[in-house]
1. What ranking do 81-89, 106-114 get when scored by the average of other Cβ atoms within 10 Å per residue, highest first?
2. Under unit Cβ charges (Lys, Arg +1; Asp, Glu -1), what dipole magnitude, rounded to 20 debye, does the chain have relative to its Cα centre?
3. Just the accessible area per residue of the chain, please: how many Å² with a 1.4 Å probe?
4. Can you work out ³J(HN,Hα) from phi for every residue in the range 106-116, in order, using Karplus 6.51 cos²θ - 1.76 cosθ + 1.60 and θ = phi - 60°, giving whole Hz and x for Gly and Pro?
5. Roughly what angle does helix 77-97 make with the longest principal axis of the chain, taking Cα atoms, 0 to 90 degrees, to the nearest 10?
6. Quick one: if you stick a label point 7 Å off each Cα along the C-beta vector at Q21 and N107, how many nm between them?
7. Place the peptides 10-19, 115-124, 61-70 in order of packing, highest mean first, counting for every residue the other Cβ atoms within 10 Å and averaging per peptide.
8. Suppose R0 equals 22 Å. What FRET efficiency, 1/(1 + (r/R0)^6) with r the Cβ-Cβ distance, do K35 and N124 give to the nearest 0.05?
Amino acid sequence: MTEYDPRRDPDPDQWLELDEQERIALVMQYHRKRKIKLPNRRLHAAMHVIVENQVATNQPPTARPALRRLVKGGINRHEAVHAIGSVLSSTIYSLLKGTQPPGEDSNAKYAARLERLDADWWLNHQNDFAVLDRS
């Protein structure tokens with residue numbers, strides 16, 4: 001695999017054969033070639049890589065269906081990767097901030113949030129992750 005295009009599903013086997021740094025470099029190359037301005041290109045690329053890894057390995061098992069659901073709902077694949085990455089970022093932020101209740105399984109919470117993620121939510125509530133925490 002020599003190029004990454006977030007608008008298309010990378011072949012999972014070819015993607016996972018790459019070293020993590022190679023994956024990040026390919027994502028950075030994609031954004032650089034298109035002159036997409038980002039506050040932190042490496043962090044942005046790392047989030048892409050994490051989401052693509054989750055989709056390729058189907059771990060958590062809600063990642064791949066979330067991506068498909070977002071695309072089916074009318075969001076292009078690149079933006080769908082961003083939507084999942086945003087949920088992941090929010091989950092990581094809560095963990096780092098220490099706002100997660102003791103004993104709560106962060107992986108289960110993240111998987112459940114992905115299960116509720118859909119195109120309508122992303123288009124209308126991109127900055128309101130509490131909506132995804134509803135029971």
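The values are calculated or read from the model by the stated rules, or taken from the named source; none is laboratory data. The shown structure was predicted, so the numbers you read here are calculated from the model rather than taken from an experiment. Here the Cβ positions follow ideal geometry from the backbone for every residue, glycine too, while neighbour counts run over all protein chains shown. SASA here: full protein model, heavy atoms, side chains in, ligands and nucleic acids out. Shrake-Rupley method; radii C 1.70, N 1.55, O 1.52, S 1.80 Å.
1. Numbers: 81-89: 20.8, 106-114: 16.9.
Descending packing order for the listed peptides: 81-89, 106-114.
2. Values: 20 positive and 18 negative charges, 122 e Å.
The calculated dipole for the chain is roughly 580 debye.
3. Working: 7860 Å² over 135 residues.
The answer is 58 Å² per residue.
4. Taking θ as phi minus 60°, the curve returns 5, 5, 5, 5, 4, 4, 5, 5, 5, 4, 8 Hz for the range 106-116.
5. Computed tilt is about 50 degrees.
6. Label-label distance for Q21 and N107, simple model: 2.8 nm.
7. Numbers: 10-19: 13.5, 115-124: 16.1, 61-70: 19.4.
Top of the packing list down: 61-70, 115-124, 10-19.
8. Numbers: r = 29 Å, r/R0 = 1.31.
FRET efficiency, K35 to N124: 0.15.
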